[in-house]
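One structure below.
The values are calculated or read from the model by the stated rules, or taken from the named source; none is laboratory data. For clarity, every value in this text was computed on a predicted model and none was experimentally measured. Here the Cβ positions follow ideal geometry from the backbone for every residue, glycine too, while neighbour counts run over all protein chains shown.
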Amino acid sequence: MAKDWKLIAKGLDPEVPESQLEKVQATLQALEVQLATLMETLSHDTEPATIFVPTEEHP
Amino acid sequence: MTIQEAAKALRKRTISSVELTRDSLRRIAKLEPTLRTFITITEEAAEARAIQADEELAAGADRGPLHGIPVAVKDVFSTRGIRTTCGSKLFADLVPERDAAVVERLKASGAVMVGKSNMHELAYGITSSNPHFGTVRNPWDLERIPGGSSGGSGSAVAAGLVFMAMGSDTGGSIRIPASFCGTVGLKPTFGRVSRYGVLPLDFSLDHMGPLTRSVRDAALTLDALAGFDSRDDTSNRKPVEPYLPSEATSIQGVRIGLPEGFYFERVAPTVAEAVRRAAVVAERAGAVVVPVRLPDIANLNTIGRVILLCEASATMERYLARREDFGTDVLALLDQGRLIPATDYINAQRIRRVLRQEFQAVWKQVDCLFTPTTPTSAPKIGQTTLKLGTDEEDVRIASTRLVRGINVLGLPALSLPCGFDEQGLPLGLQIIGRSFQEALILRVGAVVEDALDFRQRMPSL
């Protein structure tokens, strides 16, 4: 499902101007498609590479 | 002259730190109007530290090979009492109250900092054409970029202004300027050199390392910088080892992988030839060169870009109301990062884990990899696309294509000069190693460097 980049851009504070969106939209769309392809092989229980690891506290 | 040669001369008393430092400052004064390599020059402090270094050496208090050596530090590292701009208008007047861990360690090793080097704005780009502090130029051809974001550091080392300059590398920002400027650049393993006191661009991709005139100089600098720092949560407790290869070091039996596919596609023929020639040199020195198939590096680059865009925008979001204070290219990237949903960022970090696991298999076959650092020599200032074969490619995407993925994996990587193209511009060889195997890639790099013998070739300025 393609994202509505214009709507997302307008919803931000400060909003991303339309002229800027025109410059970056193609790149965003391409990244979105590439990421979606990679997601197809990802198993449900794969954790992010950066996770919170609590350390022992020494008061 | 290298750090090793200067260090010997200092101990023989044939030269003093004050002489080296004044020579460095004189050369900076002469070339700075052209090269724009510095944001701040610390002349008085440098002179005082050089006097102190000479006094200490005379008294037998030797802090090691960097003692009394003029160096520069990229303006992303906090320096107590000296402004630290990160190449940005936002921080133009920021004077930190603390030193970055790297600066502390350089001071402890007796290095003499002569200034803070210019860089791409916020370390977010590869041209180092800084809209606030000037366009850094490549000493080999003043109409060309030095690479970035550590472009001032690359330019300063290549022009012989300093013996070593510190850089930071989030998607190639040490290795790209090393390749374009004909210097050595070392990106250590993630967690090997502390990031404490460095203005962050990307929390999970930022690495700190030196640019130098020789591989052994990079190694002895890493000796001074490496080690655990409790103030950096990603700092690794793995004990450091000596990194400096001996003069008679050997690479007998070291397995070097020459990747098929990605790394030699869409690369200038002179670059591919120079890297293959370096592999032959390594083979003659006793290494075993084998073809190797790697996991898809394009996938690493995709998730690297998603992570970079999101983390950088998260870091800088609080300043984005001041849109006029950003350069146009950096603002476009920061806006782009804000538009990517959090779910995409998290999924990119999940895929990162999978790709890291896939890459483990490579190290069962080889000890290190030889690849080009950049697909071409330095592009011209203002050039936006590169033509490789029949394809037009964005200069930024092309220049980061062979280095970005290594930041995603956190692996150590070294860039060193491996040839010159038909225009006389330097070309870079990238040696990638296993995590925390800096000593091995430095050993291989030193042997290749000795055999190729490009160290004496300097730009005519």
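Out of curiosity, is B:F326 more than 13 Å from chain A (Cβ to nearest Cβ) and at pLDDT 95 or above? Break it down into steps so the answer makes sense when it comes.
Numbers: more than 13 Å from chain A (Cβ to nearest Cβ): no; at pLDDT 95 or above: yes.
No: the conditions fail for B:F326.
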When the range B:121-149 is checked residue by residue, the ones that are surrounded by fewer than 21 Cβ atoms within 10 Å (Cβ to Cβ) and touching a helix residue (DSSP H, G or I) at 6+ places or on another chain (Cβ under 7 Å) are B:P131, B:H132, B:L142
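Regarding B:L220, is this residue away from chain A (no Cβ under 14 Å), among the aliphatic types (A, V, I, L, M) and either in a loop (DSSP other than H, G, I, E, B) or at positive phi (or both)? Show your work before the answer.
Working: away from chain A (no Cβ under 14 Å): yes; among the aliphatic types (A, V, I, L, M): yes; either in a loop (DSSP other than H, G, I, E, B) or at positive phi (or both): no.
So B:L220 does not fit the description; no.
Matching residues to (1) out of contact with any strand residue (DSSP E or B) (no Cβ under 8 Å at 6 or more places or on another chain); (2) buried (at least 22 other Cβ atoms within 10 Å of the Cβ); (3) within 14 Å of chain A (Cβ to nearest Cβ):
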position: B:L186; (1), (2), (3): no, yes, no
position: B:G191; (1), (2), (3): yes, no, yes
position: B:S194; (1), (2), (3): no, yes, no
position: B:G197; (1), (2), (3): no, yes, no
position: B:D206; (1), (2), (3): no, yes, yes
position: B:G209; (1), (2), (3): no, yes, no
position: B:G227; (1), (2), (3): yes, no, no
position: B:D233; (1), (2), (3): yes, no, yes
When B:T302 is run through (1) in a loop (DSSP other than H, G, I, E, B); (2) hydroxyl-bearing (S, T, Y); (3) buried (at least 20 other Cβ atoms within 10 Å of the Cβ), the failure sits at (1)
Listed by range, strands (runs of 3 or more DSSP E) wholly within the range B:352-406 having at least 3 residues that are in contact with a Leu (Cβ under 9 Å, 6 or more places away or on another chain) are B:368-372, B:391-394
Those residues of the range B:95-120 that are more than 26 Å from B:D23 (Cα to Cα), out of contact with any helix residue (DSSP H, G or I) (no Cβ under 8 Å at 6 or more places or on another chain) and either polar (S, T, N, Q) or touching a residue at least 40 places away in the same chain (Cβ under 8 Å) (or both) come to a total of 4
Taking the range B:220-257 and the residues there that are over 24 Å from B:A111 (Cα atoms) and among the small types (G, A, S), the one that is modelled with the lowest pLDDT would be B:A248
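Between B:R277, B:R195, which is part of a loop (DSSP other than H, G, I, E, B) and more than 14 Å from B:I441 (Cβ to Cβ)?
It is B:R195.
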Screening B:R434, B:R404 for residues that are touching a Phe, Trp or Tyr at 6+ places or on another chain (Cβ under 6 Å), within 17 Å of B:P259 (Cα to Cα) and either acidic (D, E) or crowded, with 17+ Cβ neighbours inside 10 Å (or both) leaves only B:R434
Flagged in the range A:1-15 as at the interface with another protein chain (Cβ under 9 Å from one of its Cβ atoms), under 16 Å from the mean Cα position of the chain (by Cα) and in a loop (DSSP other than H, G, I, E, B), in numbering order, are A:K3, A:L12
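Looking for something in contact with a Cys (Cβ under 8 Å, 6 or more places away or on another chain), modelled with pLDDT of 95 or more and not aliphatic (A, V, I, L, M) - is there at least one such residue anywhere in the range B:152-172?
In the first step, residues of the range B:152-172 are kept if they are in contact with a Cys (Cβ under 8 Å, 6 or more places away or on another chain); the result is B:154-155, B:157-158.
Imposing the further condition that a residue be modelled with pLDDT of 95 or more reduces the set to B:154-155, B:157-158.
Imposing the further condition that a residue be not aliphatic (A, V, I, L, M) reduces the set to B:154-155.
Yes, the range B:152-172 contains a residue that is in contact with a Cys (Cβ under 8 Å, 6 or more places away or on another chain), modelled with pLDDT of 95 or more and not aliphatic (A, V, I, L, M).
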Here the residues within the range B:329-347 that are within 25 Å of the chain's Cα centre (by Cα) and within 11 Å of chain A (Cβ to nearest Cβ) are B:D329, B:L331, B:A332, B:L333, B:L334, B:G337
Counting only residues in the range B:264-299 that are within 26 Å of B:L201 (Cβ to Cβ) and touching a Lys or Arg at 6+ places or on another chain (Cβ under 9 Å), the one surrounded by the fewest Cβ atoms within 10 Å (Cβ to Cβ) is identified as B:A298
